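Enquirer: What follows is a structure written as structure tokens; I'll ask about it next.
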Amino acid sequence: MTKQEIRQIVYNKYNGKCAYCGSELPAKWHIDHIEPAVRNSKYDSKNLRYVADGTCRGQGSDVLSNYNPACPSCNIQKNSFTIEQFRQNIMGFLNSLNQYSTQYKFAKRYGLIRELETDVIFYFEKQL
């Protein structure tokens, strides 16, 4: 299968929507590894940067069943988290906003924001 065919199959998995937030996928959408495939790297002292060494650690593999379509913001935020780690990370956003964002606290004080105690349920979980 070509890369383009794989991308089309992954894109169609949730009808052109991000598996996590459910938004329409933009032109430059990402393929996420559901079970993370963390690429190993070594420091190249000559070029002063890390360079992938071609190996991976973690449970994720490069197989179609381990791919989800993702908008760039969800994929970047998910990083090398498992699904449950990603969920927990998102659940911590509210606490972080309340602690560190003056604009958030100010908007909340003026009734522009209502906080809800709810579970994080990903789009793909609603499709099952």
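The values are calculated or read from the model by the stated rules, or taken from the named source; none is laboratory data. None of the values given here were measured: they were computed from a predicted structure. For neighbour counting, all protein chains shown are included, and Cβ atoms are generated from backbone atoms with ideal geometry for every residue, glycine included.
Enquirer: Mind telling me which of the residues Asn95, Asn40, Asn47 ends up being of a type in the set (S, T, N, Q), assigned to a strand (DSSP E or B) and free of Cβ contacts under 8 Å to residues at least 60 places away in the same chain?
Expert: Only one candidate qualifies: Asn40.
Enquirer: Hey, does segment 47-61 have a residue that's under 18 Å from Met1 (Cβ atoms) and surrounded by fewer than 16 Cβ atoms within 10 Å (Cβ to Cβ)? Please lay out each step first, then the result.
Expert: As a first pass, look at segment 47-61 and keep what is under 18 Å from Met1 (Cβ atoms): 61.
Within this subset, residues satisfying the condition of being surrounded by fewer than 16 Cβ atoms within 10 Å (Cβ to Cβ) are 61.
Yes: one or more hits.
Enquirer: In addition: Determine which single condition Met1 fails, assuming it passes every other condition in (1) assigned to a loop (DSSP other than H, G, I, E, B); (2) within 22 Å of the chain's Cα centre (by Cα); (3) loosely packed, with under 10 Cβ neighbours inside 10 Å; (4) not hydroxyl-bearing (Ser, Thr, Tyr).
Expert: Unmet for Met1, out of (1) assigned to a loop (DSSP other than H, G, I, E, B); (2) within 22 Å of the chain's Cα centre (by Cα); (3) loosely packed, with under 10 Cβ neighbours inside 10 Å; (4) not hydroxyl-bearing (Ser, Thr, Tyr): (2).
Residue-wise test of (1) at pLDDT below 95; (2) in contact with a Gly (Cβ under 6 Å, 6 or more places away or on another chain); (3) under 27 Å from Arg87 (Cβ atoms).
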site: Val10; (1), (2), (3): no, no, yes
site: Asp32; (1), (2), (3): no, no, yes
site: Asn40; (1), (2), (3): yes, no, yes
site: Asp44; (1), (2), (3): yes, no, no
site: Asn47; (1), (2), (3): yes, no, no
site: Val63; (1), (2), (3): yes, no, yes
site: Cys74; (1), (2), (3): no, no, yes
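Enquirer: Could you grab the pairs with beta carbons closer than 7 Å, sequence gap of 6+ or different chains, first residue in segment 1-18 and touching a residue at least 24 places away in the same chain (Cβ under 8 Å) and under 19 Å from Tyr123 (Cβ atoms), second one surrounded by fewer than 16 Cβ atoms within 10 Å (Cβ to Cβ) and of a type in the set (A, V, I, L, M, F, W, C)?
Expert: Ile9/Leu64
Enquirer: Quick test of your reading of the structure: Glu24 fulfils all but one of (1) among the charged types (D, E, K, R); (2) loosely packed, with under 13 Cβ neighbours inside 10 Å; (3) at pLDDT 95 or above; (4) farther than 26 Å from Glu5 by Cα. Name the failing condition by number.
Expert: Just one mismatch for Glu24, condition (4).
Enquirer: Quick one: which of Phe106, Phe86 is surrounded by 14 or more Cβ atoms within 10 Å (Cβ to Cβ), in a helix (DSSP H, G or I) and hydrophobic (A, V, I, L, M, F, W, C)? Spell out how you get there, then give the answer.
Expert: Values: Phe106 fails: surrounded by 14 or more Cβ atoms within 10 Å (Cβ to Cβ).
Going through Phe106, Phe86 in turn, the sole match is Phe86.
Enquirer: Turning to a different aspect of this structure: What are the residues in segment 62-82 that are touching a helix residue (DSSP H, G or I) at 6+ places or on another chain (Cβ under 9 Å) and surrounded by 15 or more Cβ atoms within 10 Å (Cβ to Cβ), if any?
Expert: Within segment 62-82, Tyr67, Asn68, Pro69, Ala70, Cys74, Gln77, Lys78 qualify.
Enquirer: For Met91, which of the numbered conditions (1) more than 16 Å from the chain's Cα centre (by Cα); (2) surrounded by 12 or more Cβ atoms within 10 Å (Cβ to Cβ) fails to hold?
Expert: Failing condition for Met91: (1).
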